[in-house]
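Here's the structure, in structure tokens; my notes come after.
The values are calculated or read from the model by the stated rules, or taken from the named source; none is laboratory data. Only a predicted model underlies this, so the values are computations on that prediction, with no experimental measurement involved. Counting neighbours? That spans all protein chains shown, and the Cβs are built from the backbone with ideal geometry, glycine included. Accessible surface is based on the protein model in full, side chains and every heavy atom, while ligands, DNA and RNA are left aside. Shrake-Rupley method; radii C 1.70, N 1.55, O 1.52, S 1.80 Å.
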Amino acid sequence: MRVLIYLLPVLLALSQAHADPKLSLRDIFTSDERIRSHGYPAEVHEVVTKDGYVLKLFRIPYSHKLNNENEKRPPVLLQHGLFSNSDCFLCSGPDNSLAYLLADAGYDVWLGNARGNIYSRANKLISLKHPKFWHFDWHEIGTIDIAAMIDYILDETQYEQLHYAGHSQGTTVYLVLLSERPEYNAKIKSGHLLAPCAFFDHGRSAVFRWFGPLVGTPGTVWNQLLVDTELIPYNNLVNRLADNSCGSGSPYESICKNGFLMFANGGYENINLTSAQLLIETHPAGSSSNQGIHYLQLASSHEFRQYDWGTKKNREIYGQDLPPDYDLSKVTAKTHSYSSQNDALCGPQDVDTLVAELIHLTEDHRVPLESFNHLDFIVARNMKELVNDLVVDRINGYEGR
Ligand SMILES: *[C@@H]1O[C@H](CO)[C@@H](O)[C@H](O)[C@H]1NC(C)=O
């Protein structure tokens, strides 16, 4: 565990040196191939944002088990967490993963990919090699990317509303979008927040202790060094390391588990190791350092607010010394929260704070199993019964099914 933390900066430096911006998706088993390998139809769509990012959306338009391509299939958008991508809703296979469960329940399932991850690494206006490419964080993913995906899906499907489910950062961007652009509430039929993250006063994860004060304060050396770069880039080196330590029968299995631990820090009692190993093949999937820095800022400030650029720049950008808060009372769409006791990143007390601020929240569900942690929402053996079935059930309720 400790070793991994000491190694991380070295890995980061090495991986930067070896970062290959031309890395092609041909080498990767992509989400659409994964979907087809499970027997389902798959489509690939591209959405270009107003600032030029080309985002890849994967789609399971219907289920081959239902043969329902000519029936009404309400759209659902699934949005991944930090360092992740659309594979996170597929890796436990048709019997357990949310994307397939929804397809089999008769929905038109769309899988989003945020700017900067392996599937969304292009911009019509800025080169991937230019630091400006990485000048964004989850504020832009929420206000620009998710908005663009929603508009695209509604246009393609000719529906006026869709259902949304997000994990971790996928919940943050939902809250950012609906508080900053409240007109989008009308486009959400229901929202499902798995391991919701907005406040970080009580995070138990080592990540906060080790990096929080260093990186989360504007103007520190670490902050200057890291701003506008790619954080843990997806490339062959980082990937092979992860893959080798997590491959089945690997002598480094404990490193793999501890790697998960470092971020989730909640134990691995529930983990489906096969699923985790598949997931590792396309993770960490690439994100801007600013996304991580912004989260650490929340941990230091105890506020859910916009990126802190330091007083001088804040005045220029926001017209005030401190960044403005996200106004969660503006989230009026029907929203369900699913959180767990053993979440070291976005734990129960921080969920209490969030729930208190979300005055229009429809449901505050707490997973009853004590050991369930942050990553269990995407890799646990028991996530179907404990979480995914509930989500499908709630969405069915809204559709009168
Ligand atoms: C674990 O993951 C594997 C690989 O996707 C999948 O085939 C299996 O059904 C999963 N098992 C459970 C109980 O989630």
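When we screen 274, 311, 282 for residues that are open to solvent by 60 Å² or more (accessible area, probe 1.4 Å), within 16 Å of the ligand (Cβ to nearest atom) and over 26 Å from residue 182 (Cβ atoms), the only hit is 274. Once region 378-401 is narrowed to residues that are at negative phi and not in a helix (DSSP H, G or I), the residue that is surrounded by the fewest Cβ atoms within 10 Å (Cβ to Cβ) is 401. Scanning region 337-346 for residues that are open to solvent by 10 Å² or more (accessible area, probe 1.4 Å) and touching a residue at least 60 places away in the same chain (Cβ under 8 Å) turns up 342, 345. Would you mind stating whether residue 99 is of a type in the set (Gly, Ala, Ser) and away from the ligand (no atom under 16 Å from the Cβ)? Answer is no for this residue.
Being within 16 Å of the ligand (Cβ to nearest atom) and part of a helix (DSSP H, G or I), is that true of even one residue in region 363-377?
Yes: one or more hits.
Give the number of residues within region 48-96 that are of a type in the set (Phe, Trp, Tyr) and either in a loop (DSSP other than H, G, I, E, B) or within 16 Å of the ligand (Cβ to nearest atom) (or both). Reasoning before the result, please.
Keep residues of region 48-96 that are of a type in the set (Phe, Trp, Tyr), which gives 53, 58, 62, 83, 89.
Filter once more, keeping what is either in a loop (DSSP other than H, G, I, E, B) or within 16 Å of the ligand (Cβ to nearest atom) (or both): 62, 83, 89.
The total comes to 3.
Considering only residues in region 290-330 that are of a type in the set (Asp, Glu) and outside any helix (DSSP H, G or I), the one that is farthest from residue 204 (Cα to Cα) turns out to be 321.
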